[in-house]
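> If you scroll down you'll find the structure; I have some questions about it.
The values are calculated or read from the model by the stated rules, or taken from the named source; none is laboratory data. Predicted, not measured: the structure shown is a model, and the values here were computed from it. Because the Cβ atoms are built from the backbone with ideal geometry, glycine has one as well, and the counts that use them run over all protein chains shown. What goes into the accessible areas is simple: the full protein's heavy atoms, side chains included, and nothing from ligands, DNA or RNA. Shrake-Rupley method; radii C 1.70, N 1.55, O 1.52, S 1.80 Å.
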Amino acid sequence: MTNGKNSGVPADVYVQFVRSLFDNHHVLLIGTACHAIAALMVYVASGDVVYVALAGLLLAVGTWRYAGMVRFHRSGGIPDERSAQRWENEYILKGSIQGLMLGAFCFTAIYLRPVPFGEMAAISVTLGSIVTVVGRNYGSRRMVSIFAATFVGPIALGLMLRLDVPHFVLGLLIVPFMVVIKSSADNVRNVLFSAVIGHRQARNLAQRFDRALNTMSHGLVMLGPDGRVVVANSKAAKVLGFDVPKRLLGRSLHAVLMRGVAGGLLSQRDARYAEGQLTRALSDDRDLKLQLRAGDGRYFELTARSGHEELGVVTFEEITSRVEAEERIRHMARFDSLTDLPNRAWFHELVAERVAGGDPERQCALAVFDLDDFKSINDTLGHPVGDGLIFAVGEKLSAIASDEVIVSRFGGDEFMLFFNSIGSEKELTVVLDRIFADLNGYVDVSGHALRVQMSAGAVISDVGGTDVDDMIVKADLALYKAKEAGKNGWRLFEAKMNAAFRNRQMLKSDLRGAVEARSLRVVYQPIVAMNSMRIASCEALCRWDHPELGPVSPAVFIPLAEEMGIISEISELVLEQATSACVRWPGDICVSVNLSAKDFHNSEVVEKVRSALERSGLPPHRLEVEVTETALLDDKSSTGKFLNDIKALGVRIALDDFGTGYSSLSYLHTLPLDKVKIDRSFLLDVTQNPRALELLKGVVGLSRGIGLQITMEGVETFEQLEVLSQTVKPDLVQGFLFGSALTASGVETISVHAWPTAADLDDGAASGEPKNRKAAKAQ
């Protein structure tokens with residue numbers, strides 16, 4: 001809002017200008033007295049009584065004007081713009097009359113009743129008054145103009161009316177002073193106006209900054225060049241126990257941290273560490289992120305940014321929820337969801353740590369435990385009962401876990417135990433016999449009394465020559481011998497069991513021949529879109545039909561191929577067959593191919609993908625490359641580069657078996673991923689265990705939140721599909737529920753059909769569902 005008579009001036013500024021007219025009103029009495037005394041002195045010098053009358057009028061008008069100013073101050077000021085206009089008009093009226101009286105005094109002394117002393121006296125007091133016009137009356141343009149005219153005009157007119165050249169010229173020269181007075185007042189007015197507006201803008205900016213600062217979710221302190229706090233927000237004050245931020249001002253970084261120590265927020269050790277790190281970061285001009293655990297269990301992340309001679313900034317954010325979420329996900333990735341025992345990947349890492357330390361001359365041992373006839377329990381009593389039995393066994397085995405004994409659930413009904421130090425076979429025998437004695441007996445699972453019966457295989461090895469994978473193979477061989485011997489017992493690996501290794505070598509030779517003859521075949525497991533229940537893609541799986549042994553499990557020959565160094569040849573074969581098959585399918589169906597960690601050991605993998613696309617003519621977006629965490633861990637930098645190169649071809653990238661290794665979490669946002677395939681282990685008890693369901697939802701939410709597509713693997717039952725459809729809602733699902741793997745022509749045949757949804761199938765599922773299977777995915 002602006003004042004009409006003061007165009008462009010905001011109302012509040014206009015009010016301030018009018019208020020300035022009434023400042024220092026006592027000075028007006030001095031001016032009035034000077035005017036009256038000057039007129040009386042002219043009377044004394046001339047004896048002309050006209051000047052007595054002028055003196056009286058000047059005194060009366062000045063006193064009247066002063067009385068109005070006193071009334072203004074007693075009124076309490078100017079409440080609004082309308083009131084300001086009334087006071088300005090009154091000021092102009094009285095000022096105009098006083099100006100006319102002073103002008104009359106000058107005109108009388110110069111022209112009407114000229115007296116030499118009178119001329120000098122009148123002009124002197126008028127010039128003195130002109131000085132006050134600019135300083136006092138800049139707030140009213142009209143008042144300045146009137147004063148300029150009434151003060152200077154009569155002097156100029158009186159001089160010119162004398163009609164002699166010198167006085168006439170002098171009168172003309174005085175006239176421009178009216179413009180000078182007005183211009184000077186306008187200049188003062190504009191300067192003060194700019195200052196007022198600038199102050200207001202600065203105040204508004206400061207208020208906005210203060211509001212933004214104090215509504216931040218982060219605590220913030222800014223340090224000056226002397227290392228003391230110059231700015232702090234409410235969050236910082238609250239965390240450190242201050243009632244208002246200004247109580248932090250002037251404190252050093254050391255004092256701020258010591259306040260945290262005094263309030264129980266930090267320990268002395270953490271405070272010293274934080275001070276050292278933050279001080280170095282601020283002085284070395286580098287950014288720093290520092291995570292600290294508070295005394296009350298909360299976690300904070302401190303961030304330091306240096307500003308050289310400007311303000312150094314330290315922010316801190318409470319990240320307790322994030323840390324706890326990361327810890328839950330990390331735990332989920334490292335530990336089996338059913339038994340809470342270390343999973344296969346975490347077991348390998350823990351064993352590697354133990355083997356690397358301690359006495360290199362000691363012996364260690366590894367034992368594989370497997371439930372006898374577990375499949376019959378699943379088939380007759382159902383998966384929930386089977387899961388309950390596994391949980392009960394895991395609970396019994398976890399009781400013996402320690403720093404020296406690592407217990408893991410490897411998957412299915414298989415458990416692995418690693419003994420970090422074993423003195424002899426006799427000691428191992430005592431230990432395993434005691435474990436068997438503790439395990440044997442009955443457990444109650446959902447009202448069923450189930451007898452725990454297990455078989456085990458064990459192996460002893462010198463730590464110095466320990467190969468964990470080799471120990472697992474030997475323990476498995478011993479386990480098979482124990483089962484052959486009638487189960488419910490354990491066997492120690494013996495040298496004669498090496499016959500199994502010879503058979504393994506023969507299998508290797510036959511596999512090499514099959515690869516060279518390109519006699520391996522590729523089948524395709526459907527991947528179904530959750531929204532339409534139609535095939536959206538197929539995963540290419542390699543199969544080997546041995547001429548004597550029949551079908552060989554991928555879980556057997558794929559590890560052999562990796563061990564032999566021919567896995568890349570198998571990958572190339574699968575790529576060629578998969579792309580050639582997919583190009584004949586409907587255009588909306590894609591194909592995904594698993595690539596081994598070995599494939600990423602050189603850049604040839606990029607050329608193989610490009611070559612397969614060019615030979616088949618398959619559009620790149622219809623091919624998806626699946627990579628496991630093992631490939632990511634082998635060589636992070638080169639694998640990331642090759643994946644980016646493959647991505648540049650237009651091929652999609654998927655992270656396979658997500659959740660089987662904790663390191664995969666760090667790659668979700670650093671690698672060019674389009675999709676994550678969540679491992680089947682998350683789905684095993686999702687229909688019975690609310691905690692498992694929440695964990696699965698958390699993984700899906702984490703992946704979807706960063707723009708990744710989600711495939712849920714291992715869907716085997718209608719109940720699982722229903723939970724996924726109604727609660728988890730992945731983009732794609734895959735598993736035996738949708739049938740066994742198909743040939744390329746089989747995919748083409750059924751691609752036009754859609755599977756019923758879980759709700760549709762719920763009414764017609766009386767014929768039974770797929771039973772629990774151990775599925776080994778391969779190329």
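> What is the distance, in nm, between label points placed 7 Å from the Cα along the Cα-to-Cβ direction at ASN190 and at GLN268?
Computed distance between label sites ASN190 and GLN268 equals 6.7 nm.
> Still on this structure, please answer the following. Rounded to the nearest 10 Å², what accessible area does ILE460 show when all protein chains are kept and the probe is 1.4 Å?
Result for ILE460: roughly 40 Å² accessible.
> Given contacts defined as C-alpha pairs under 8 Å and at least six residues apart, what's the relative contact order of the chain, whole-number percent?
The normalised contact order for the chain reaches 7 percent.
> Could I ask something else about it? Using a simple spin-label model with points 7 Å from Cα along the Cα→Cβ vector, what separation in nm is obtained for ASN488 and VAL131?
In this crude spin-label approximation the distance works out to 12.2 nm.
> Based on the alpha-carbon gyration tensor of region 1-85, what equivalent-ellipsoid semi-axes (square roots of 5 times the eigenvalues) come out, in whole Å, largest first?
They are 36, 13, 9 Å, listed from largest to smallest.
> When the expected Rg is taken as 2.2 N^0.38 Å, what fraction or multiple of it is the alpha-carbon Rg of region 496-621?
1.18
> Related question: Going by a ≥ b ≥ c, the root eigenvalues of the Cα gyration tensor, does region 38-189 fall in the rounded group (a/c under 1.5), the prolate group (a/b larger than b/c) or the oblate group?
oblate
> Using alpha carbons only, how many angstrom separate the centre of region 464-507 from the centre of region 519-588?
Result: 29 Å between the Cα centres.
> Could you compute how much accessible surface ASP80 exposes when probed at 1.4 Å, giving the result in Å² to the nearest 10?
So the heavy atoms of ASP80 present about 70 Å² to solvent.
> Counting only C-alpha contacts under 8 Å and six or more residues apart, can you give the relative contact order of region 230-292 as a whole percent?
21 percent
> In terms of solvent-accessible area of protein heavy atoms at a 1.4 angstrom probe, what is the ranking of PHE347, PHE117, highest value first?
Reading off the accessible areas and sorting them downward yields PHE117, PHE347.
> Also: So for the chain, considering every pair of alpha-carbon atoms, how many percent are separated by more than 38 Å?
63 percent
> Normalising by the residue count of region 467-611, find the relative contact order in percent from Cα pairs under 8 Å and 6+ residues apart.
Computed value for region 467-611: 17 percent relative contact order.
> Please give the direction-averaged projected area of the C-alpha convex hull for region 42-93, in square nanometres with one decimal.
It is 4.2 nm².
> From the C-alpha coordinates alone, can you work out the Kirkwood hydrodynamic radius of region 310-454, in Å?
One decimal place: 17.5 Å for the Kirkwood radius.
> If you fit an axis through the alpha-carbon atoms of helix 344-356 and take the longest principal axis of the Cα set of the chain, what angle between them do you get, 0 to 90°, nearest 10?
90 degrees
> Shape verdict for region 474-550, please, from the Cα gyration tensor: rounded (a/c under 1.5), prolate (a/b greater than b/c) or oblate.
Because a/c hits 1.5 or more and a/b fails to exceed b/c, region 474-550 counts as oblate.
> For region 92-155, evaluate the Debye formula with one uniform point scatterer on each Cα (no solvent term) and list log10 I(q)/I(0) at q = 0.15, 0.23 Å⁻¹, rounded to two decimals.
Per q value, in the given order, log10 I(q)/I(0) is -0.42, -0.87.
> Suppose only helical runs count, i.e. DSSP H with n ≥ 4. What mean residue ellipticity at 222 nm does that imply for the chain under -39500 (n - 2.57) per run, divided by all residues and rounded to the nearest 500 deg cm²/dmol?
-17000 deg cm²/dmol
> Please state the Cα pair-distance histogram of region 20-70 with 5 angstrom bins from zero: what percent is in each bin?
Histogramming region 20-70 at 5 Å steps yields 4, 25, 26, 18, 12, 9, 5, 2, 0 percent.
> What's the longest uninterrupted piece of the chain once you rule out the GluC sites (Glu not before Pro) that are loop residues per DSSP with at most 14 other Cβ within 10 Å?
1-308
> Taking a probe of 1.4 angstrom, what is the accessible area of MET160 in Å², to the nearest 10?
40 Å²
> Which value, in Å to one decimal place, does the Kirkwood hydrodynamic radius take for region 273-374 when every pair of different Cα atoms is included?
After inverting the pairwise mean of 1/r, the radius is 18.0 Å.
> May I ask for the angle, rounded to the nearest 10°, between helix 81-107 and the longest principal axis of the chain, with both axes built from Cα atoms and the value confined to 0 to 90°?
The helix 81-107 is inclined about 30 degrees to the chain.
> Please list, in order, the residues from region 549-586 whose amide nitrogen is less than 20 Å from a point placed 7 Å along the Cα→Cβ vector of ARG518.
566-585
> Using a 1.4 angstrom probe on the protein heavy atoms only, could you order SER596, SER145 from most to least accessible area?
SER145, SER596
> Please state, to two decimals, what the Cα-based radius of gyration of region 413-493 comes to when divided by 2.2 N^0.38 Å (N = residues).
It is 1.21.
> A follow-up question, please. Return one number: the angle in degrees, 0 to 90 and rounded to the nearest 10, between the long axis of the Cα atoms of helix 253-262 and the longest principal axis of the Cα atoms of the chain.
60 degrees
> If DNA, RNA and ligands are ignored and the probe is 1.4 Å, what is the ranking of ARG502, ARG521, ARG330 by accessible area, most exposed first?
If we order ARG502, ARG521, ARG330 from most to least accessible, we get ARG502, ARG521, ARG330.
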